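Structure first, commentary second.
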Amino acid sequence: MPESEGEEGEAEGEGEGEEAGISLAAMEAALMPQVLETFEAIAATHTKLEKAQKERLAILSKGETITPAGEKKYDKLKGEMVRLMEGVHLNNTRIEQLVEQMNGLNKRLMMLEGRLLRLADILPRQAPGLPGQPISATS
(Lines give C-alpha, C1' and ligand atoms only; values in the text may rest on other atoms or scores of the structure.)
Protein backbone atom coordinates (compact mmCIF):
# COMPACT_ATOMS: atom_id res chain seq x y z
CA MET A 1 0.00 0.00 0.00
CA PRO A 2 2.73 2.57 0.80
CA GLU A 3 4.35 1.93 -2.59
CA SER A 4 1.16 2.84 -4.47
CA GLU A 5 0.80 6.01 -2.44
CA GLY A 6 4.36 6.97 -3.37
CA GLU A 7 3.67 6.32 -7.04
CA GLU A 8 0.48 8.37 -6.90
CA GLY A 9 2.39 11.18 -5.20
CA GLU A 10 4.99 11.12 -7.98
CA ALA A 11 2.27 11.18 -10.63
CA GLU A 12 0.61 14.12 -8.90
CA GLY A 13 3.95 15.91 -8.66
CA GLU A 14 4.53 15.47 -12.40
CA GLY A 15 1.04 16.80 -13.13
CA GLU A 16 1.68 19.83 -10.95
CA GLY A 17 4.95 20.44 -12.79
CA GLU A 18 3.17 20.44 -16.14
CA GLU A 19 0.48 22.77 -14.77
CA ALA A 20 3.17 25.03 -13.36
CA GLY A 21 4.88 25.07 -16.75
CA ILE A 22 1.65 25.95 -18.48
CA SER A 23 0.79 28.61 -15.96
CA LEU A 24 4.30 30.04 -16.26
CA ALA A 25 3.85 30.34 -20.02
CA ALA A 26 0.44 31.91 -19.45
CA MET A 27 1.95 34.36 -16.96
CA GLU A 28 4.68 35.27 -19.45
CA ALA A 29 2.08 35.84 -22.16
CA ALA A 30 0.02 37.99 -19.80
CA LEU A 31 3.03 40.07 -18.73
CA MET A 32 4.52 40.55 -22.21
CA PRO A 33 2.38 43.60 -23.19
CA GLN A 34 3.18 45.30 -19.88
CA VAL A 35 6.91 44.59 -20.26
CA LEU A 36 6.95 45.89 -23.82
CA GLU A 37 5.05 48.99 -22.75
CA THR A 38 7.57 49.62 -19.97
CA PHE A 39 10.54 49.26 -22.33
CA GLU A 40 8.88 51.55 -24.89
CA ALA A 41 8.37 54.14 -22.16
CA ILE A 42 12.01 53.76 -21.10
CA ALA A 43 13.16 54.24 -24.71
CA ALA A 44 11.00 57.34 -25.17
CA THR A 45 12.12 58.85 -21.87
CA HIS A 46 15.74 58.07 -22.68
CA THR A 47 15.44 59.92 -25.99
CA LYS A 48 14.00 62.99 -24.24
CA LEU A 49 16.57 62.79 -21.46
CA GLU A 50 19.42 62.51 -23.94
CA LYS A 51 18.16 65.58 -25.82
CA ALA A 52 17.82 67.56 -22.57
CA GLN A 53 21.30 66.47 -21.50
CA LYS A 54 22.83 67.60 -24.82
CA GLU A 55 21.09 70.97 -24.46
CA ARG A 56 22.41 71.31 -20.90
CA LEU A 57 25.95 70.46 -21.98
CA ALA A 58 25.80 72.90 -24.88
CA ILE A 59 24.68 75.68 -22.53
CA LEU A 60 27.32 74.82 -19.95
CA SER A 61 30.09 74.58 -22.57
CA LYS A 62 29.29 78.15 -23.64
CA GLY A 63 29.75 79.23 -20.03
CA GLU A 64 26.10 80.22 -19.67
CA THR A 65 23.80 79.25 -16.82
CA ILE A 66 20.95 76.82 -17.18
CA THR A 67 17.48 78.28 -16.77
CA PRO A 68 15.39 77.02 -13.87
CA ALA A 69 12.84 75.66 -16.36
CA GLY A 70 15.59 73.71 -18.17
CA GLU A 71 16.90 72.35 -14.88
CA LYS A 72 13.37 71.39 -13.81
CA LYS A 73 12.75 69.60 -17.13
CA TYR A 74 16.03 67.68 -16.82
CA ASP A 75 15.35 66.66 -13.22
CA LYS A 76 11.80 65.58 -14.11
CA LEU A 77 13.06 63.37 -16.96
CA LYS A 78 15.80 61.93 -14.79
CA GLY A 79 13.28 61.11 -12.05
CA GLU A 80 10.96 59.51 -14.60
CA MET A 81 13.80 57.34 -15.92
CA VAL A 82 14.70 56.22 -12.40
CA ARG A 83 11.04 55.40 -11.67
CA LEU A 84 10.71 53.35 -14.85
CA MET A 85 13.98 51.50 -14.29
CA GLU A 86 13.03 50.60 -10.72
CA GLY A 87 10.16 48.58 -12.19
CA VAL A 88 12.55 46.46 -14.26
CA HIS A 89 13.87 43.33 -12.59
CA LEU A 90 16.33 41.20 -14.52
CA ASN A 91 17.05 37.55 -13.74
CA ASN A 92 20.81 37.21 -13.13
CA THR A 93 20.84 33.54 -14.11
CA ARG A 94 19.21 34.31 -17.46
CA ILE A 95 21.64 37.18 -18.05
CA GLU A 96 24.55 34.81 -17.41
CA GLN A 97 23.05 32.25 -19.82
CA LEU A 98 22.67 34.88 -22.52
CA VAL A 99 26.24 36.11 -22.01
CA GLU A 100 27.55 32.53 -22.26
CA GLN A 101 25.50 32.01 -25.43
CA MET A 102 26.90 35.21 -26.95
CA ASN A 103 30.44 34.17 -26.03
CA GLY A 104 29.90 30.77 -27.68
CA LEU A 105 28.55 32.41 -30.84
CA ASN A 106 31.47 34.84 -30.89
CA LYS A 107 33.97 31.99 -30.51
CA ARG A 108 32.33 30.09 -33.40
CA LEU A 109 32.31 33.23 -35.55
CA MET A 110 36.01 33.83 -34.89
CA MET A 111 36.77 30.19 -35.79
CA LEU A 112 34.83 30.49 -39.06
CA GLU A 113 36.53 33.79 -39.91
CA GLY A 114 39.93 32.17 -39.37
CA ARG A 115 38.97 29.27 -41.61
CA LEU A 116 37.74 31.67 -44.30
CA LEU A 117 40.95 33.68 -44.16
CA ARG A 118 43.06 30.52 -44.47
CA LEU A 119 41.00 29.41 -47.48
CA ALA A 120 41.34 32.84 -49.07
CA ASP A 121 45.10 32.61 -48.59
CA ILE A 122 45.39 29.06 -50.02
CA LEU A 123 43.14 29.37 -53.09
CA PRO A 124 45.23 31.90 -55.07
CA ARG A 125 48.30 29.65 -54.75
CA GLN A 126 46.37 26.60 -55.99
CA ALA A 127 45.01 28.30 -59.11
CA PRO A 128 47.15 31.31 -60.02
CA GLY A 129 45.87 33.37 -62.91
CA LEU A 130 42.43 31.77 -62.91
CA PRO A 131 40.20 34.10 -60.94
CA GLY A 132 36.62 32.97 -60.77
CA GLN A 133 37.24 29.58 -62.38
CA PRO A 134 36.50 26.41 -60.44
CA ILE A 135 39.43 24.41 -59.13
CA SER A 136 39.39 20.76 -60.14
CA ALA A 137 39.57 18.06 -57.48
CA THR A 138 42.57 16.40 -59.21
CA SER A 139 44.97 19.33 -58.85
**Message:** Taking the conditions exactly as written (farther than 30 Å from Val88 by Cα, charged (D, E, K, R), exposed (fewer than 10 other Cβ atoms within 10 Å of the Cβ) and at pLDDT below 95), does Glu8 satisfy them or not?
**Reply:** no
**Prompt:** Do you know which of the residues in the stretch 49-98 that are not polar (S, T, N, Q) and not in a helix (DSSP H, G or I) is surrounded by the most Cβ atoms within 10 Å (Cβ to Cβ)?
**Reply:** Ile66
**Message:** Condition first: touching a Leu at 6+ places or on another chain (Cβ under 6 Å) and either of a type outside the set (Lys, Arg) or at pLDDT below 55 (or both). Can you find one or more residues in the stretch 25-43 that meet it?
**Reply:** yes
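The values are calculated or read from the model by the stated rules, or taken from the named source; none is laboratory data. Keep in mind it's a predicted model, so treat the numbers as computed, not measured. Note: ideal-geometry Cβ built from the backbone for every residue, glycine included; neighbour counts use all protein chains shown.
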